[in-house]
Amino acid sequence: MASANDIQELSHRVLAGLDASHDYYTYTKRIWRVMQQVVKEGRKFTFRNLTTGTVVDEQALLSRAQRYVTEYHTSFTFQHFVSAFEDFFFDLLRVWLAAYPGSLSKKQLEFRTVLELGDTEKIVLAVVDKELNERKYERVADWFAYFERLAKLGCPTADEVEQLAEIKASRDVLVHNKGIVNATYLSKAGHRARFKDGDRLEISEHYHRASWETIRKVVRDLSDAALNKFK
């Protein structure tokens, strides 16, 4: 069954992944700056994408550099931060529910599923996974309220929950609405909304960094609080 070691391993893996993602973001931007300097020094080169057949020389690549960084590189790493957090939250909740399944005592499984699984631990995990799948469609604030009722971890703060709700709402706009702010974003982000309906959502370097810091802090705080409860 779930243990404190599971929480430690999860925390280490997610924090290392967040660090690696931000390293990729930072070092890739620096490589682009090096490329710009090389072009200014008069270097000539040509690249071919063997998959698409596209060919660019140093000037064509230089003209694309800013768009690549702002429209793709920043956006994709930001989305990765949010995905890493979502995976962490529900993995941590899974560990907790597997260790303390009493709150799920009224949940039901089809009898056929129970017969197929047979083993008690497998049945518990099946009920846990069913519960998690239902919770994933709720709002971020509801995620934390549910976890707090179960574990009494005392974190994150209300302000951090609001920040995370806006961060996730921003990611959802990028993924599901082509980066155009809509009513769904405004509803999820609440008073933290950074844009108006119809605006194109932007991920500035400052916002990118602040989002990473918030996510990393909440991952660390939740992990530490859960470990203390296990002890």
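General remarks:
- Residue ID - modelled with the lowest pLDDT, chosen from residues in region 90-142 that are farther than 22 Å from Glu9 by Cα and aromatic (Phe, Trp, Tyr): Phe111
- Scanning region 177-187 for residues that are open to solvent by 20 Å² or more (accessible area, probe 1.4 Å) and modelled with pLDDT of 95 or more yields Asn177, Ile180, Asn182, Ala183, Thr184, Leu186, Ser187.
- Odd one out for Val14, checked against (1) open to solvent by 50 Å² or more (accessible area, probe 1.4 Å); (2) modelled with pLDDT of 95 or more: (1)
- Looking only at residues of region 56-83 that are open to solvent by 20 Å² or more (accessible area, probe 1.4 Å) and among the small types (Gly, Ala, Ser), we find that the one that is farthest from Asn133 (Cα to Cα) is Ala60.
- Residue in region 121-176 that is surrounded by the most Cβ atoms within 10 Å (Cβ to Cβ), counting only those that are outside any helix (DSSP H, G or I) and more than 20 Å from the chain's Cα centre (by Cα): Leu153
- Any chance Ala189 is over 26 Å from Val128 (Cβ atoms) and in contact with a helix residue (DSSP H, G or I) (Cβ under 7 Å, 6 or more places away or on another chain): yes
- Per-region count, region 196-226, residues more than 18 Å from Gln66 (Cβ to Cβ) and either in a helix (DSSP H, G or I) or modelled with pLDDT under 95 (or both): 18
- Lys229, sole failed condition from (1) modelled with pLDDT under 95; (2) over 26 Å from Leu97 (Cβ atoms): (2)
- Tally of residues being open to solvent by 30 Å² or more (accessible area, probe 1.4 Å) and part of a helix (DSSP H, G or I) across region 30-42: 9
The values are calculated or read from the model by the stated rules, or taken from the named source; none is laboratory data. Not measured: the values here are computed from a predicted model. Cβ sites come from the backbone with ideal geometry, for glycine too, and all protein chains shown count toward neighbours. These area figures cover heavy atoms from the full protein model, side chains too; ligands, DNA and RNA do not enter into them. Shrake-Rupley method; radii C 1.70, N 1.55, O 1.52, S 1.80 Å.
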